[in-house]
Amino acid sequence: MPAISGNAELLGVIDLTEARQFADVRRGQIEKEANIKIDINTATAGELENITGVGPAIAKKIIEYRANKPFDKIEDIKHISGIGEKTFAKMKDEITVGGILDLDFSEE
């Protein structure tokens, strides 16, 4: 069987990384259109890039920051270099921070 060589695009082969990035970006666009907020603690880089003022570099900084400490409130995103008051004002209605439900199953 001959080896696949050269340009895989000519064969219709999709790079899985590119497909995932496309899906993340498209999901983010749909969420934005539906006024669904993006959770900055769990969103992928592609999803983060759908937030006003966030490109690939800022998305990477957000992911690196939250790996050490999750965001407690949306205002914490201002700790990211490149996100100040003006940028935050433009994005604040597009973002949220998810929380873990504290469910108590103990019997009283």
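The values are calculated or read from the model by the stated rules, or taken from the named source; none is laboratory data. As the structure is a computational prediction, the values presented were derived from the model and not from experiment. Cβ: placed from backbone, ideal geometry, glycine included. Neighbour counts: every protein chain shown.
Every test in (1) at pLDDT below 95; (2) loosely packed, with under 15 Cβ neighbours inside 10 Å is passed by Glu94 save one, and that test is (2). Going by the structure shown, is Thr42 at pLDDT below 95 and touching a Gly at 6+ places or on another chain (Cβ under 7 Å)? Yes, satisfied. A search for C-beta distances below 9 Å between a residue of the range 31-53 that is at positive phi and in a loop (DSSP other than H, G, I, E, B) and any residue that is modelled with pLDDT of 90 or more and buried (at least 16 other Cβ atoms within 10 Å of the Cβ), counting only pairs 6+ apart in sequence or on different chains, returns Asn35/Glu94; Gly53/Ile83; Gly53/Thr87; Gly53/Phe88; Gly53/Met91.
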